[in-house]
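Chemist: Pasting a structure below so you can have a look.
The values are calculated or read from the model by the stated rules, or taken from the named source; none is laboratory data. Owing to the predicted nature of the structure, the values given are computational and were not obtained by experimental measurement. So basically every Cβ, Gly included, is an ideal-geometry build from the backbone, and we count neighbours across all protein chains shown.
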Amino acid sequence: MEFIRSSCRVPGLQQRSIGAARRNQRLPDLKQGKSEVPQIPPSEEDWDEDRERFTADAQHATVTGGKPVRDHGFRLGPLAQQFATLTYSLLDATTTGDVLQQVADTTLQVVPGADLVSVTLRFPDGAFHTPVQTDPAAADLDQVQYELREGPCLDASEPSGPAFAASADLAVEGRWPRFGAAAAERGFHAVLSTALLPDARPPRLSGALNIYSRQPGGLGEADRAIALLLATHASLALAHATAVGQEQLTSEQLHRAIDSRDVIGQAKGILMSRRGLSPEEAFDLLRRTSQELNVKLVRLAETLVTRHTEIDLPQAGTPPPG
């Protein structure tokens, strides 16, 4: 609510609402650098009026396809516009998943060097899951970290971990050598994982907003401030979700994470047995086939497990057709 109140204030007016300004109260003398108007706290009537106008502006923008305009008539800049649009859309989100997806999509739009975005959730027992992503390749990069038990999204997801876990060049990254090599092999060189504020209520749920870039040095210091704001939106969704409560989220997502991990393990076992592959080779074959078919890794694994007598995957090392 404080964000909405701040968004509705007119520059140059302190502790006064737009509603009060519209009632022809005297504006500050900006040339003198100070206001001669007494600092009048906004009334509940003022806030109600401002909230109505804020919501009406959002609805008008949605219907017309235009851009929201603040009450005082100034157009928002491109970055502020994206955040305003995100805030409006969050008001209409019905599930936690919707909110997280909107945050991921917005991140892809506002961070110049972003090529992939995902959200990692870490459950109280240490299991990890990627509920939303902007491309299957992002979930694949997350899954590699889950499998290897190393990487920026794991570090940032730790409740006692850093606020940011980043690398400008994963090909030479010493903190996560195995993940760095795997990411660079896939064509991604920079990463920025921002911690989601953990829910203070037990059981604790934490996570990270992950941004991947193909360019070495593609994610800089300026992107951290943007990522922090976006991660805060996602954190609020996790902490105050109404359509999907904490109990439902932890139980359903946890079971889904465990089921996903199990079915991928079963699929790897089938490939290891039938092809004589190592665990790493089996996972790499699953990953490459998932990308070639544009099918989520867990869905491919489920199909292989349930229909492994009917279907077969390309031999390891076989180049994709065409």
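Chemist: Does the range 141-149 contain any residue that is free of Cβ contacts under 8 Å to residues at least 40 places away in the same chain and basic (Lys, Arg)?
Modeler: Yes: one or more hits.
Chemist: Given Leu313, Leu277, which one is more than 25 Å from the chain's Cα centre (by Cα), hydrophobic (A, V, I, L, M, F, W, C) and modelled with pLDDT of 80 or more? Explain how you work it out, then say what you get.
Modeler: Details: Leu313 fails: modelled with pLDDT of 80 or more.
Going through Leu313, Leu277 in turn, the sole match is Leu277.
Chemist: If the Cβ limit is 6 Å and pairs must be 6+ apart or interchain, which residue in the range 115-127 that is under 16 Å from Leu141 (Cα atoms) pairs with which residue that is part of a loop (DSSP other than H, G, I, E, B) and of a type in the set (Asp, Glu)?
Modeler: Close Cβ pairs (under 6 Å, with a partner that is part of a loop (DSSP other than H, G, I, E, B) and of a type in the set (Asp, Glu)) amount to Leu116/Asp135.
Listed here are the residues, each with its yes/no results for (1) part of a strand (DSSP E or B); (2) touching a Ser or Thr at 6+ places or on another chain (Cβ under 7 Å); (3) surrounded by fewer than 22 Cβ atoms within 10 Å (Cβ to Cβ); (4) at pLDDT below 90.
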site: Ala183; (1), (2), (3), (4): no, no, no, no
site: Leu209; (1), (2), (3), (4): yes, yes, no, no
site: Ala234; (1), (2), (3), (4): no, no, no, yes
site: Gln253; (1), (2), (3), (4): no, no, yes, yes
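Chemist: Does Arg178 satisfy being modelled with pLDDT under 90, in the same structural domain as Asp105 (by TED's automatic domain parsing) and not in a strand (DSSP E or B)?
Modeler: On the way: modelled with pLDDT under 90: no; in the same structural domain as Asp105 (by TED's automatic domain parsing): yes; not in a strand (DSSP E or B): yes.
No; evaluated as a whole, the condition is false for this residue.
Chemist: Does the range 124-136 contain at least one residue that is of a type outside the set (Ser, Thr, Tyr) and modelled with pLDDT of 95 or more? Let's see the steps before the verdict.
Modeler: First, pick out the residues of the range 124-136 that are of a type outside the set (Ser, Thr, Tyr): 124-129, 131-133, 135-136.
Checking which are modelled with pLDDT of 95 or more leaves us with none.
So far as the range 124-136 goes, no, none of its residues is of a type outside the set (Ser, Thr, Tyr) and modelled with pLDDT of 95 or more.
Chemist: Quick one: count up the residues across the range 155-176 that are surrounded by 13 or more Cβ atoms within 10 Å (Cβ to Cβ) and either polar (S, T, N, Q) or touching an Asp or Glu at 6+ places or on another chain (Cβ under 7 Å) (or both).
Modeler: Adding up the residues that qualify gives 6.
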